[in-house]
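Below is one structure, written out as C-alpha coordinates, with a few remarks after it.
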Amino acid sequence: MSDTDFGATQAQAWLSRPVAEIQSGMERGEVTACDLVAACLSRTARYDQAGPGLNAVLEINPDAWHIAEALDLERKTRGPRGPLHGIPVLVKDNIDTGDRMHTSAGSIALKDSYAAKDAFVAKRLRDAGAVILGKGNMTEWANFMTQGMPSGYSSRGGQVKNPYGPGRFDVGGSSSGSGAAVAADLAVMAVGTETSGSILSPSSQNSLVGIKPTVGLVSRSGIIPISHSQDTAGPMAHTVADAATLLQVLMGRDADDPATWRIPADFPHDLTAHLDAGALRGARIGVPRSGVWDKLPASKQAVMEEAIRALRDAGAQVVDPADIPTVTAPWGLEVLVHEFKPALNAYLGRLAPHVPVHTLADVIAFNLRYADKMLKYGQVWMLEAEKTSGSLTDPAYIRARLRDLRWSRAEGIDRVLSDHGLDALLFPNNLGAGIAAKAGYPSITVPAGYTGEGEPVGATFTGPAFSEPRLIRLAYAFEQFTQARRAPRLDA
(Lines give C-alpha, C1' and ligand atoms only; values in the text may rest on other atoms or scores of the structure.)
Protein backbone atom coordinates (compact mmCIF):
# COMPACT_ATOMS: atom_id res chain seq x y z
CA MET A 1 0.00 0.00 0.00
CA SER A 2 1.50 3.34 -1.02
CA ASP A 3 1.46 6.63 0.84
CA THR A 4 -1.10 7.92 -1.64
CA ASP A 5 -3.75 5.44 -0.49
CA PHE A 6 -6.78 6.98 1.26
CA GLY A 7 -5.51 10.51 0.65
CA ALA A 8 -2.61 10.19 3.10
CA THR A 9 -0.14 12.23 1.07
CA GLN A 10 -2.55 15.01 0.19
CA ALA A 11 -3.82 15.23 3.79
CA GLN A 12 -0.39 15.54 5.39
CA ALA A 13 -0.32 19.29 4.79
CA TRP A 14 -3.44 19.62 6.94
CA LEU A 15 -1.80 18.11 10.03
CA SER A 16 0.18 21.25 10.85
CA ARG A 17 -2.70 23.66 10.27
CA PRO A 18 -4.73 25.18 13.10
CA VAL A 19 -7.69 23.07 14.18
CA ALA A 20 -10.13 25.81 13.16
CA GLU A 21 -8.75 25.66 9.59
CA ILE A 22 -8.99 21.86 9.57
CA GLN A 23 -12.64 22.08 10.64
CA SER A 24 -13.34 24.56 7.85
CA GLY A 25 -11.68 22.21 5.39
CA MET A 26 -13.83 19.35 6.62
CA GLU A 27 -16.98 21.43 6.24
CA ARG A 28 -15.99 22.21 2.64
CA GLY A 29 -15.28 18.54 1.95
CA GLU A 30 -11.58 19.14 1.30
CA VAL A 31 -10.38 16.73 3.98
CA THR A 32 -11.95 14.06 6.21
CA ALA A 33 -11.19 12.45 9.54
CA CYS A 34 -10.15 9.33 7.62
CA ASP A 35 -7.74 11.41 5.56
CA LEU A 36 -6.19 12.83 8.72
CA VAL A 37 -5.81 9.41 10.35
CA ALA A 38 -4.24 8.04 7.16
CA ALA A 39 -1.83 10.98 7.05
CA CYS A 40 -0.83 10.46 10.69
CA LEU A 41 -0.24 6.76 10.15
CA SER A 42 1.74 7.43 6.98
CA ARG A 43 4.03 9.86 8.79
CA THR A 44 4.38 7.47 11.72
CA ALA A 45 5.58 4.76 9.36
CA ARG A 46 7.98 7.17 7.66
CA TYR A 47 9.46 9.06 10.60
CA ASP A 48 8.66 7.23 13.82
CA GLN A 49 9.64 3.66 13.12
CA ALA A 50 11.86 4.39 10.11
CA GLY A 51 13.81 7.45 8.98
CA PRO A 52 15.01 9.36 12.05
CA GLY A 53 13.29 6.77 14.26
CA LEU A 54 11.59 9.20 16.63
CA ASN A 55 10.01 6.36 18.62
CA ALA A 56 7.28 8.70 19.85
CA VAL A 57 4.20 6.55 19.19
CA LEU A 58 4.04 3.55 21.48
CA GLU A 59 0.80 2.06 20.24
CA ILE A 60 -1.80 2.75 17.54
CA ASN A 61 -5.48 2.47 18.35
CA PRO A 62 -6.74 -0.48 16.25
CA ASP A 63 -10.14 1.20 16.06
CA ALA A 64 -8.87 4.61 14.96
CA TRP A 65 -9.86 4.12 11.34
CA HIS A 66 -13.34 2.86 12.20
CA ILE A 67 -13.88 5.75 14.62
CA ALA A 68 -12.83 8.21 11.90
CA GLU A 69 -15.23 6.64 9.41
CA ALA A 70 -18.07 6.86 11.93
CA LEU A 71 -17.28 10.49 12.70
CA ASP A 72 -17.16 11.39 9.00
CA LEU A 73 -20.60 9.81 8.58
CA GLU A 74 -21.90 11.63 11.65
CA ARG A 75 -20.66 14.95 10.25
CA LYS A 76 -22.61 14.34 7.05
CA THR A 77 -25.81 13.27 8.74
CA ARG A 78 -25.93 15.30 11.97
CA GLY A 79 -23.11 17.83 11.77
CA PRO A 80 -19.95 18.15 13.88
CA ARG A 81 -19.99 17.84 17.65
CA GLY A 82 -17.52 20.68 18.10
CA PRO A 83 -14.03 21.91 17.23
CA LEU A 84 -12.35 18.53 17.83
CA HIS A 85 -14.72 16.49 15.66
CA GLY A 86 -12.59 14.09 13.62
CA ILE A 87 -9.26 15.42 14.95
CA PRO A 88 -6.59 12.73 15.66
CA VAL A 89 -5.27 13.13 19.21
CA LEU A 90 -2.46 11.13 20.82
CA VAL A 91 -2.68 10.44 24.55
CA LYS A 92 0.17 9.67 26.91
CA ASP A 93 0.58 6.04 27.90
CA ASN A 94 -0.36 6.67 31.54
CA ILE A 95 -3.92 7.70 30.60
CA ASP A 96 -6.54 4.93 30.74
CA THR A 97 -8.45 4.19 27.57
CA GLY A 98 -11.22 1.62 27.85
CA ASP A 99 -10.49 0.12 24.46
CA ARG A 100 -8.06 -2.30 22.83
CA MET A 101 -4.95 -0.33 23.76
CA HIS A 102 -2.79 -0.93 26.81
CA THR A 103 -2.02 1.57 29.56
CA SER A 104 1.47 0.89 30.91
CA ALA A 105 3.25 4.11 31.97
CA GLY A 106 6.03 2.81 29.73
CA SER A 107 6.74 -0.22 31.92
CA ILE A 108 6.99 -3.81 30.75
CA ALA A 109 5.34 -4.71 34.06
CA LEU A 110 2.07 -3.29 32.67
CA LYS A 111 2.51 -4.27 29.03
CA ASP A 112 -0.57 -6.53 29.17
CA SER A 113 -2.76 -4.19 31.21
CA TYR A 114 -6.03 -2.97 29.69
CA ALA A 115 -7.99 -0.26 31.46
CA ALA A 116 -11.52 -1.20 32.47
CA LYS A 117 -12.85 2.19 31.36
CA ASP A 118 -11.77 5.53 29.95
CA ALA A 119 -10.06 8.09 32.12
CA PHE A 120 -12.21 11.20 32.53
CA VAL A 121 -10.08 13.06 29.97
CA ALA A 122 -10.28 10.19 27.46
CA LYS A 123 -14.06 10.16 27.75
CA ARG A 124 -14.14 13.91 27.24
CA LEU A 125 -12.13 13.47 24.05
CA ARG A 126 -14.48 10.81 22.72
CA ASP A 127 -17.58 12.81 23.61
CA ALA A 128 -16.09 15.79 21.75
CA GLY A 129 -15.66 13.69 18.62
CA ALA A 130 -11.87 13.43 18.71
CA VAL A 131 -10.17 10.33 17.31
CA ILE A 132 -7.92 8.84 19.99
CA LEU A 133 -5.17 7.86 17.59
CA GLY A 134 -2.86 5.98 19.94
CA LYS A 135 -0.61 6.14 22.98
CA GLY A 136 2.49 8.29 23.23
CA ASN A 137 5.75 6.83 24.51
CA MET A 138 6.94 8.43 27.75
CA THR A 139 9.62 8.46 30.40
CA GLU A 140 8.88 5.32 32.41
CA TRP A 141 6.57 5.83 35.40
CA ALA A 142 6.49 9.53 34.44
CA ASN A 143 10.14 9.84 35.49
CA PHE A 144 9.54 8.92 39.11
CA MET A 145 11.27 5.58 38.94
CA THR A 146 14.87 6.58 39.48
CA GLN A 147 17.59 9.18 39.13
CA GLY A 148 19.50 9.66 35.89
CA MET A 149 16.96 8.14 33.50
CA PRO A 150 17.05 10.06 30.20
CA SER A 151 13.92 11.97 29.26
CA GLY A 152 11.80 9.84 26.97
CA TYR A 153 13.22 6.45 27.93
CA SER A 154 11.02 3.51 28.93
CA SER A 155 11.59 -0.23 29.16
CA ARG A 156 8.52 -0.89 27.04
CA GLY A 157 8.96 1.83 24.43
CA GLY A 158 12.67 2.58 24.26
CA GLN A 159 14.07 6.09 23.71
CA VAL A 160 12.02 8.93 22.22
CA LYS A 161 14.03 11.33 20.03
CA ASN A 162 13.62 15.04 19.47
CA PRO A 163 12.59 15.73 15.83
CA TYR A 164 14.56 19.00 15.88
CA GLY A 165 17.77 17.10 16.49
CA PRO A 166 17.40 13.32 16.85
CA GLY A 167 20.20 12.14 19.10
CA ARG A 168 21.43 15.73 19.69
CA PHE A 169 18.76 17.55 21.68
CA ASP A 170 16.94 16.48 24.82
CA VAL A 171 13.37 15.52 23.94
CA GLY A 172 12.04 16.63 27.32
CA GLY A 173 10.12 14.50 29.76
CA SER A 174 8.02 12.78 30.71
CA SER A 175 5.33 13.45 28.06
CA SER A 176 8.10 12.98 25.53
CA GLY A 177 6.26 10.95 22.94
CA SER A 178 3.34 13.37 23.02
CA GLY A 179 5.69 16.28 22.34
CA ALA A 180 7.79 14.66 19.62
CA ALA A 181 4.72 13.26 17.85
CA VAL A 182 2.89 16.58 17.59
CA ALA A 183 6.07 18.43 16.56
CA ALA A 184 6.58 15.89 13.76
CA ASP A 185 2.89 15.94 12.72
CA LEU A 186 2.32 12.31 13.70
CA ALA A 187 -0.83 13.62 15.41
CA VAL A 188 -2.62 16.96 15.28
CA MET A 189 -2.42 17.40 19.06
CA ALA A 190 -1.76 15.38 22.18
CA VAL A 191 -2.58 15.06 25.85
CA GLY A 192 0.32 14.95 28.27
CA THR A 193 0.50 14.83 32.05
CA GLU A 194 2.62 16.77 34.50
CA THR A 195 3.70 16.43 38.09
CA SER A 196 6.59 18.86 37.78
CA GLY A 197 7.61 19.92 34.27
CA SER A 198 6.39 16.94 32.27
CA ILE A 199 4.18 18.98 29.93
CA LEU A 200 6.24 22.17 29.95
CA SER A 201 9.58 20.44 29.33
CA PRO A 202 8.68 18.39 26.21
CA SER A 203 6.57 21.25 24.86
CA SER A 204 9.49 23.67 25.17
CA GLN A 205 11.97 21.16 23.76
CA ASN A 206 9.75 20.34 20.79
CA SER A 207 8.69 23.92 19.98
CA LEU A 208 5.07 23.43 21.01
CA VAL A 209 2.49 25.18 23.10
CA GLY A 210 1.87 23.25 26.30
CA ILE A 211 -0.53 24.13 29.09
CA LYS A 212 0.02 22.78 32.59
CA PRO A 213 -3.35 23.60 34.18
CA THR A 214 -4.21 24.48 37.75
CA VAL A 215 -4.42 21.22 39.70
CA GLY A 216 -8.14 20.45 39.69
CA LEU A 217 -9.11 22.12 36.41
CA VAL A 218 -8.63 18.76 34.66
CA SER A 219 -9.59 15.50 36.34
CA ARG A 220 -6.90 13.13 37.60
CA SER A 221 -9.15 10.06 37.58
CA GLY A 222 -8.00 7.17 35.41
CA ILE A 223 -4.41 8.40 35.12
CA ILE A 224 -1.50 6.40 36.55
CA PRO A 225 -0.41 8.70 39.39
CA ILE A 226 2.62 10.04 41.15
CA SER A 227 1.23 12.75 43.41
CA HIS A 228 -2.35 13.63 44.29
CA SER A 229 -1.25 17.18 45.12
CA GLN A 230 0.60 17.93 41.88
CA ASP A 231 -0.62 15.64 39.07
CA THR A 232 -2.61 17.04 36.16
CA ALA A 233 -3.21 16.31 32.49
CA GLY A 234 -2.99 19.05 29.89
CA PRO A 235 -2.84 19.88 26.17
CA MET A 236 0.14 19.97 23.81
CA ALA A 237 -0.38 21.56 20.39
CA HIS A 238 1.15 23.67 17.64
CA THR A 239 -0.57 26.92 18.62
CA VAL A 240 -2.07 28.67 21.62
CA ALA A 241 -5.51 28.57 19.99
CA ASP A 242 -5.30 24.81 19.52
CA ALA A 243 -4.05 24.25 23.07
CA ALA A 244 -6.89 26.37 24.44
CA THR A 245 -9.38 24.45 22.32
CA LEU A 246 -8.13 21.13 23.64
CA LEU A 247 -8.02 22.36 27.24
CA GLN A 248 -11.65 23.45 27.20
CA VAL A 249 -12.57 19.91 26.15
CA LEU A 250 -10.43 18.25 28.83
CA MET A 251 -11.44 20.45 31.79
CA GLY A 252 -14.51 20.06 33.94
CA ARG A 253 -15.89 18.77 37.20
CA ASP A 254 -15.61 15.04 37.80
CA ALA A 255 -17.63 13.31 40.52
CA ASP A 256 -14.69 10.94 41.04
CA ASP A 257 -12.10 13.69 41.57
CA PRO A 258 -12.66 16.10 44.47
CA ALA A 259 -9.90 18.42 43.18
CA THR A 260 -12.20 19.41 40.30
CA TRP A 261 -14.96 20.49 42.66
CA ARG A 262 -13.09 23.73 43.36
CA ILE A 263 -13.29 25.01 39.78
CA PRO A 264 -14.83 28.49 40.11
CA ALA A 265 -18.45 28.70 39.05
CA ASP A 266 -17.62 31.59 36.72
CA PHE A 267 -14.64 29.91 35.06
CA PRO A 268 -15.17 30.42 31.30
CA HIS A 269 -16.21 27.46 29.18
CA ASP A 270 -14.86 29.03 25.97
CA LEU A 271 -11.15 29.66 26.44
CA THR A 272 -10.72 30.63 22.80
CA ALA A 273 -12.73 33.78 23.54
CA HIS A 274 -9.62 34.98 25.39
CA LEU A 275 -7.38 35.00 22.31
CA ASP A 276 -6.41 38.67 22.17
CA ALA A 277 -3.43 39.62 20.00
CA GLY A 278 -3.15 42.94 21.83
CA ALA A 279 -3.22 41.53 25.35
CA LEU A 280 0.41 42.42 26.10
CA ARG A 281 -0.26 46.15 25.90
CA GLY A 282 -0.09 47.36 29.48
CA ALA A 283 0.40 43.86 30.92
CA ARG A 284 2.94 43.58 33.75
CA ILE A 285 5.28 40.61 33.34
CA GLY A 286 7.87 39.73 35.99
CA VAL A 287 11.20 38.04 35.26
CA PRO A 288 12.43 35.90 38.20
CA ARG A 289 16.19 35.90 37.59
CA SER A 290 17.69 34.66 40.85
CA GLY A 291 18.05 30.90 41.06
CA VAL A 292 16.45 30.41 37.63
CA TRP A 293 18.24 32.09 34.75
CA ASP A 294 21.67 31.07 35.99
CA LYS A 295 20.68 27.47 35.18
CA LEU A 296 20.20 28.34 31.52
CA PRO A 297 23.01 27.92 28.97
CA ALA A 298 24.19 31.13 27.32
CA SER A 299 22.74 30.10 23.95
CA LYS A 300 19.27 29.81 25.46
CA GLN A 301 19.66 32.93 27.56
CA ALA A 302 20.19 34.86 24.34
CA VAL A 303 16.86 33.57 22.98
CA MET A 304 15.08 34.53 26.18
CA GLU A 305 16.57 38.04 26.15
CA GLU A 306 15.04 38.43 22.69
CA ALA A 307 11.73 37.22 24.13
CA ILE A 308 11.89 39.93 26.81
CA ARG A 309 12.58 42.55 24.14
CA ALA A 310 9.59 41.26 22.19
CA LEU A 311 7.38 41.60 25.26
CA ARG A 312 8.43 45.23 25.67
CA ASP A 313 8.00 45.91 21.95
CA ALA A 314 4.48 44.47 22.18
CA GLY A 315 3.64 46.95 24.93
CA ALA A 316 4.22 44.93 28.09
CA GLN A 317 5.74 46.45 31.20
CA VAL A 318 8.53 44.03 32.10
CA VAL A 319 9.65 44.05 35.72
CA ASP A 320 13.19 42.68 35.60
CA PRO A 321 14.18 41.30 37.98
CA ALA A 322 11.13 40.18 39.93
CA ASP A 323 12.73 37.49 42.04
CA ILE A 324 10.76 34.90 43.99
CA PRO A 325 11.77 35.18 47.66
CA THR A 326 11.75 31.42 48.29
CA VAL A 327 13.29 30.21 45.04
CA THR A 328 16.58 29.27 46.71
CA ALA A 329 14.92 27.62 49.72
CA PRO A 330 15.95 24.00 50.45
CA TRP A 331 13.19 22.38 48.39
CA GLY A 332 12.95 18.59 48.39
CA LEU A 333 11.03 15.67 46.93
CA GLU A 334 9.58 14.44 50.23
CA VAL A 335 6.00 15.14 49.15
CA LEU A 336 6.31 13.12 45.96
CA VAL A 337 8.14 10.30 47.72
CA HIS A 338 5.36 9.96 50.30
CA GLU A 339 2.40 10.42 47.93
CA PHE A 340 3.63 8.00 45.26
CA LYS A 341 3.11 4.77 47.21
CA PRO A 342 -0.54 5.19 48.26
CA ALA A 343 -1.47 6.71 44.91
CA LEU A 344 0.14 3.95 42.86
CA ASN A 345 -1.13 1.17 45.15
CA ALA A 346 -4.67 2.48 44.74
CA TYR A 347 -4.34 2.44 40.94
CA LEU A 348 -2.59 -0.93 40.67
CA GLY A 349 -4.97 -2.55 43.15
CA ARG A 350 -7.84 -2.12 40.69
CA LEU A 351 -6.09 -3.86 37.79
CA ALA A 352 -7.12 -7.25 36.43
CA PRO A 353 -5.75 -10.40 38.12
CA HIS A 354 -3.59 -11.34 35.12
CA VAL A 355 -1.48 -8.19 35.52
CA PRO A 356 1.68 -9.21 37.45
CA VAL A 357 1.84 -6.12 39.69
CA HIS A 358 -0.78 -4.78 42.10
CA THR A 359 1.37 -2.79 44.53
CA LEU A 360 4.52 -0.69 44.41
CA ALA A 361 6.28 -3.57 46.18
CA ASP A 362 5.21 -5.85 43.31
CA VAL A 363 6.67 -3.40 40.78
CA ILE A 364 9.98 -3.29 42.64
CA ALA A 365 10.10 -7.09 42.79
CA PHE A 366 9.20 -7.39 39.09
CA ASN A 367 11.98 -4.96 38.19
CA LEU A 368 14.48 -6.97 40.21
CA ARG A 369 13.31 -10.22 38.62
CA TYR A 370 13.91 -8.81 35.13
CA ALA A 371 16.74 -6.48 36.06
CA ASP A 372 18.49 -6.75 32.69
CA LYS A 373 15.46 -5.14 31.01
CA MET A 374 14.01 -3.09 33.82
CA LEU A 375 16.89 -1.63 35.81
CA LYS A 376 19.11 -0.01 33.22
CA TYR A 377 18.99 3.12 35.40
CA GLY A 378 17.89 1.60 38.71
CA GLN A 379 14.76 2.33 40.76
CA VAL A 380 15.96 4.76 43.43
CA TRP A 381 12.70 6.69 43.90
CA MET A 382 10.58 3.57 43.97
CA LEU A 383 12.72 2.14 46.75
CA GLU A 384 12.52 5.42 48.67
CA ALA A 385 8.75 5.55 48.28
CA GLU A 386 8.31 1.96 49.44
CA LYS A 387 10.05 2.80 52.72
CA THR A 388 7.24 5.20 53.64
CA SER A 389 4.15 4.09 55.56
CA GLY A 390 1.82 4.74 52.65
CA SER A 391 -0.68 6.25 55.07
CA LEU A 392 0.29 9.93 54.67
CA THR A 393 0.50 10.21 58.45
CA ASP A 394 4.28 10.53 58.49
CA PRO A 395 5.28 13.76 60.27
CA ALA A 396 8.00 14.32 57.66
CA TYR A 397 5.39 14.27 54.90
CA ILE A 398 2.93 16.57 56.65
CA ARG A 399 5.64 19.11 57.46
CA ALA A 400 6.98 18.98 53.91
CA ARG A 401 3.55 19.41 52.35
CA LEU A 402 2.66 22.42 54.51
CA ARG A 403 6.11 23.91 53.92
CA ASP A 404 5.84 23.45 50.15
CA LEU A 405 2.46 25.19 50.09
CA ARG A 406 3.75 28.12 52.15
CA TRP A 407 7.00 28.54 50.21
CA SER A 408 5.39 28.13 46.77
CA ARG A 409 2.25 30.18 47.35
CA ALA A 410 2.09 32.83 50.10
CA GLU A 411 5.85 33.36 50.38
CA GLY A 412 6.62 32.53 46.74
CA ILE A 413 4.56 33.12 43.61
CA ASP A 414 1.75 35.01 45.36
CA ARG A 415 4.26 37.28 47.09
CA VAL A 416 6.15 38.30 43.96
CA LEU A 417 2.94 38.81 41.96
CA SER A 418 1.51 41.01 44.71
CA ASP A 419 4.66 42.97 45.51
CA HIS A 420 5.14 44.04 41.89
CA GLY A 421 1.49 44.14 40.74
CA LEU A 422 2.18 41.49 38.09
CA ASP A 423 -0.13 39.69 35.70
CA ALA A 424 2.26 36.76 35.22
CA LEU A 425 5.84 35.57 35.60
CA LEU A 426 8.11 34.69 32.69
CA PHE A 427 10.36 31.63 32.93
CA PRO A 428 12.69 29.99 30.40
CA ASN A 429 11.52 26.55 29.28
CA ASN A 430 10.42 24.57 32.34
CA LEU A 431 12.81 26.16 34.85
CA GLY A 432 9.90 27.55 36.88
CA ALA A 433 7.94 24.31 36.78
CA GLY A 434 8.94 23.07 40.22
CA ILE A 435 7.62 25.95 42.31
CA ALA A 436 4.43 26.26 40.23
CA ALA A 437 3.87 22.51 40.53
CA LYS A 438 4.14 22.59 44.32
CA ALA A 439 1.68 25.50 44.38
CA GLY A 440 -0.69 23.70 41.99
CA TYR A 441 -0.59 26.80 39.77
CA PRO A 442 -0.92 26.96 35.96
CA SER A 443 1.70 27.67 33.31
CA ILE A 444 1.70 27.91 29.53
CA THR A 445 4.82 27.60 27.38
CA VAL A 446 5.09 29.07 23.88
CA PRO A 447 7.87 28.73 21.28
CA ALA A 448 10.31 31.62 21.76
CA GLY A 449 12.99 30.72 19.21
CA TYR A 450 16.01 28.50 18.65
CA THR A 451 19.66 28.41 19.59
CA GLY A 452 22.31 28.68 16.91
CA GLU A 453 22.39 24.88 16.82
CA GLY A 454 18.62 24.74 16.21
CA GLU A 455 17.47 23.61 19.66
CA PRO A 456 14.01 24.96 20.56
CA VAL A 457 13.52 27.33 23.49
CA GLY A 458 10.17 28.06 25.14
CA ALA A 459 8.88 31.13 26.95
CA THR A 460 6.72 30.06 29.89
CA PHE A 461 4.09 32.26 31.55
CA THR A 462 2.98 31.35 35.09
CA GLY A 463 0.17 32.77 37.22
CA PRO A 464 -2.00 32.03 40.26
CA ALA A 465 -4.69 29.35 40.50
CA PHE A 466 -7.27 29.33 37.71
CA SER A 467 -5.59 32.17 35.83
CA GLU A 468 -5.59 30.14 32.59
CA PRO A 469 -7.73 32.68 30.68
CA ARG A 470 -5.23 35.46 31.44
CA LEU A 471 -2.22 33.27 30.65
CA ILE A 472 -3.79 32.20 27.37
CA ARG A 473 -4.34 35.86 26.43
CA LEU A 474 -0.72 36.75 27.18
CA ALA A 475 0.71 33.67 25.47
CA TYR A 476 -1.43 34.22 22.38
CA ALA A 477 -0.33 37.84 22.10
CA PHE A 478 3.32 36.79 22.46
CA GLU A 479 2.87 34.04 19.86
CA GLN A 480 1.20 36.36 17.37
CA PHE A 481 3.81 39.09 17.86
CA THR A 482 6.86 36.82 17.53
CA GLN A 483 5.66 34.09 15.13
CA ALA A 484 8.66 32.13 16.39
CA ARG A 485 7.70 28.53 15.72
CA ARG A 486 9.02 26.66 12.71
CA ALA A 487 8.53 22.98 11.91
CA PRO A 488 11.37 20.47 12.22
CA ARG A 489 13.14 19.41 9.00
CA LEU A 490 12.75 15.66 9.18
CA ASP A 491 13.95 14.98 5.65
CA ALA A 492 17.08 17.11 5.95
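The values are calculated or read from the model by the stated rules, or taken from the named source; none is laboratory data. Please read these numbers as outputs of a predicted model, since none were measured by experiment. With ideal geometry, Cβ positions are generated from the backbone for all residues, glycine too; neighbour counts draw on all protein chains shown.
For the reader, a short list of remarks on this structure follows.
- Boolean, ALA273 is without any contact (Cβ under 8 Å) to a residue 24 or more places away in the chain, outside any helix (DSSP H, G or I) and not basic (Lys, Arg): no
- Those residues of region 320-369 which are of a type in the set (Ser, Thr, Tyr), closer than 22 Å to ALA115 by Cα and in contact with a helix residue (DSSP H, G or I) (Cβ under 6 Å, 6 or more places away or on another chain), in sequence order: THR359
Residue-wise test of (1) more than 23 Å from the chain's Cα centre (by Cα); (2) at pLDDT 95 or above; (3) of a type in the set (Lys, Arg).
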| position | (1), (2), (3) |
| --- | --- |
| ILE398 | yes, yes, no |
| ARG401 | yes, yes, yes |
| ARG415 | yes, yes, yes |
| ASP419 | yes, yes, no |
| TYR441 | no, yes, no |
| GLU453 | yes, yes, no |
| PRO456 | no, yes, no |
| THR462 | no, yes, no |
| SER467 | no, yes, no |
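- Exclusive hit being touching a residue at least 40 places away in the same chain (Cβ under 8 Å) and part of a helix (DSSP H, G or I), set ALA109, ALA70: ALA109
- Inter-residue pairs, beta-carbon under 6 Å, first at negative phi and part of a helix (DSSP H, G or I) and in region 306-322, second crowded, with 16+ Cβ neighbours inside 10 Å and polar (S, T, N, Q), 6+ apart: ALA310/THR482
- Of all residues in region 98-124, those satisfying the criterion of being over 22 Å from LEU250 (Cα atoms) and of a type outside the set (S, T, N, Q) are GLY106, ILE108, ALA109, LEU110, LYS111, ASP112.
- Residues that are under 21 Å from GLY378 (Cα atoms), touching a helix residue (DSSP H, G or I) at 6+ places or on another chain (Cβ under 7 Å) and surrounded by fewer than 24 Cβ atoms within 10 Å (Cβ to Cβ), drawn from region 154-194: SER155, ARG156, ASP170
- Only one of ILE435, ILE413, ILE398 that is of a type in the set (Val, Ile, Thr), out of contact with any strand residue (DSSP E or B) (no Cβ under 8 Å at 6 or more places or on another chain) and buried (at least 21 other Cβ atoms within 10 Å of the Cβ): ILE435
- Wholly within region 121-221, strands (runs of 3 or more DSSP E) carrying at least 1 residues that are polar (S, T, N, Q), in contact with a strand residue (DSSP E or B) (Cβ under 8 Å, 6 or more places away or on another chain) and touching a residue at least 60 places away in the same chain (Cβ under 8 Å): 189-194
- A search for C-beta distances below 7 Å between a residue of region 277-305 that is β-branched (Val, Ile, Thr) and any residue that is in a helix (DSSP H, G or I), counting only pairs 6+ apart in sequence or on different chains, returns ILE285/LEU311; VAL287/ILE308.
Condition check ((1) of a type outside the set (Ser, Thr, Tyr); (2) modelled with pLDDT under 95; (3) surrounded by fewer than 24 Cβ atoms within 10 Å (Cβ to Cβ)) across all residues:
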{"site": "ALA38", "(1), (2), (3)": "yes, no, no"}
{"site": "ALA45", "(1), (2), (3)": "yes, no, yes"}
{"site": "GLN49", "(1), (2), (3)": "yes, yes, yes"}
{"site": "GLU69", "(1), (2), (3)": "yes, no, yes"}
{"site": "ASP99", "(1), (2), (3)": "yes, no, yes"}
{"site": "SER104", "(1), (2), (3)": "no, no, no"}
{"site": "ALA116", "(1), (2), (3)": "yes, no, yes"}
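- Test set (1) in a loop (DSSP other than H, G, I, E, B); (2) in contact with a Phe, Trp or Tyr (Cβ under 8 Å, 6 or more places away or on another chain); (3) surrounded by 13 or more Cβ atoms within 10 Å (Cβ to Cβ) - HIS338 fails condition number: (1)
- For region 223-270, filtered to residues that are in a strand (DSSP E or B) and not charged (D, E, K, R), the residue that is farthest from ASN143 (Cα to Cα) is MET251.
- Tallying residues that are part of a loop (DSSP other than H, G, I, E, B), hydrophobic (A, V, I, L, M, F, W, C) and surrounded by fewer than 18 Cβ atoms within 10 Å (Cβ to Cβ) within region 352-385 yields 3.
- Pairs, first of a type outside the set (Asp, Glu) in region 463-484, second modelled with pLDDT under 95, C-beta under 7 Å, six or more apart: PRO469/HIS274; ILE472/HIS274; ARG473/HIS274
- Residue within region 225-239 that is over 16 Å from the mean Cα position of the chain (by Cα), surrounded by fewer than 24 Cβ atoms within 10 Å (Cβ to Cβ) and closer than 30 Å to ARG401 by Cβ present: yes
- Screening region 71-97 for residues that are under 30 Å from PRO353 (Cβ atoms) and charged (D, E, K, R) and picking the one that is surrounded by the fewest Cβ atoms within 10 Å (Cβ to Cβ) gives ASP96.
- Matching entry among LEU425, LEU344 (being under 23 Å from the mean Cα position of the chain (by Cα), buried (at least 22 other Cβ atoms within 10 Å of the Cβ) and assigned to a helix (DSSP H, G or I)): LEU344
- Residue in region 430-440 that is part of a helix (DSSP H, G or I), more than 20 Å from GLN205 (Cα to Cα), out of contact with any Cys (no Cβ under 7 Å at 6 or more places or on another chain) and not aliphatic (A, V, I, L, M) present: yes
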